[in-house]
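Taking it in order: structure first as structure tokens, then the write-up.
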């Protein structure tokens, strides 16, 4: 099987873009992966099976889409750029298991687009019980909200194998007490196993981005998610605990539960949980943060993130 159909090289991309008179759009984060070996690695790392359903965000010219379609039951590919959507349609027109959607994958930073959700549901019904996987060269500007919102679904993708900024990959995979450890690290690691597969130089993309990239694999782990009693509460709690980076956990709790807890009451909770007064959120591991979240939820089950 060929790596992609057609092979996505610089000469191919420049020729196709020239034929229709368009240029890559920086506002859409259009940087095309042109290293054939890395395209192979992205696809192979996804461990695709004939029964799988694949979501691709960022159709581009459709070359990766065609590669994926040859390996799985069905592909839903999403492209925001109407010009690229039309270009990819020519490549994908004869592939009956490819569904194309011309829409922004995000309704807003906290919600996936309803059309995307409806199309996913339709595909899951059509190809049931095939598992869903995200495989994509993700536009940098939507990677964080897309991954976060997919993990908010009742049934998230079985895995997400994607190219993203190296800096973002390092935040996702970060460990406690490191500068990259954040609410995003907690949110993803509390539900998934994470592995950075490869760091990539700007030279493997066209146009070249200004930063390094990475192929990362995020594998959903149902046992990890089963520890979370209330997914929405947990998500909001994490954002609250990192609202002011580097502040003490004591201050974050006081701010998040303003009007509900006094300073002595917060201090008593920290003592109860075994945390020192100067503890910061990034010093906790997932299990410890989950314990604290459950403790707050038991006392304030109706709490919501302020604002």
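Return one number: the angle in degrees, 0 to 90 and rounded to the nearest 10, between the long axis of the Cα atoms of helix 10-20 and the longest principal axis of the Cα atoms of the chain.
Rounded to the nearest ten degrees, it is 80.
Taking the chain as a Gaussian network, where each spring joins two C-alpha atoms under 10 Å apart, which residue of 186, 220, 248 fluctuates the most?
248
Give or take rounding to whole Å, what are the principal axis extents of the alpha carbon atoms in segment 75-125, in descending order?
34, 28, 10
May I ask you to work out the translational diffusion coefficient for segment 1-111 at 10 °C, viscosity 1.306 mPa s, via Stokes-Einstein with Rh from the Kirkwood sum over Cα pairs, reported in whole µm²/s?
Result for D is 110 µm²/s.
How large is the translational diffusion coefficient of segment 149-249 in µm² per second when you combine the Kirkwood radius over alpha carbon pairs with Stokes-Einstein at 10 °C and 1.306 mPa s?
After rounding, the answer is 108 µm²/s.
Could you check which residue among 102, 191, 44 shows the biggest mean-square fluctuation in a GNM of the chain with a 10 Å Cα cutoff?
Greatest mean-square fluctuation among the candidates belongs to 44.
Sort 241, 200 so that the residue with the fewest other Cβ atoms within 10 Å of its own Cβ comes first and the one with the most comes last.
200, 241
Once the Cα atoms of helix 286-299 and of the chain are each reduced to a long axis, what angle between those two axes, in degrees from 0 to 90 to the nearest 10, is obtained?
60
Kindly express, to the nearest 10 degrees and within the range 0 to 90, the angle between helix 82-92's C-alpha long axis and the longest C-alpha principal axis of the chain.
So the helix axis and the longest Cα principal axis differ by about 60 degrees.
For the chain, set up a Gaussian network in which alpha carbons nearer than 10 Å are linked by springs, and say which option among 278, 115, 212 fluctuates the most.
Between 278, 115, 212, it is 278 that shows the largest mean-square fluctuation.
With N set to the number of residues, divide the alpha-carbon radius of gyration of segment 231-299 by 2.2 N^0.38 Å and report two decimals.
Normalised Rg, Cα atoms only: 0.98.
Over segment 10-225, with a single point scatterer placed on each C-alpha, what log10 of the ratio I(q)/I(0) does the Debye formula yield at q = 0.18 1/Å?
After summing over all Cα pairs, the log10 values are -1.43.
Throughout, read-outs are computed from the coordinates displayed, never taken from laboratory work. Computed from a prediction, not measured in an experiment: that's the story for all the values here. Don't worry about glycine lacking a Cβ; one is built from the backbone with ideal geometry, like all the others, and counts go over all protein chains shown.
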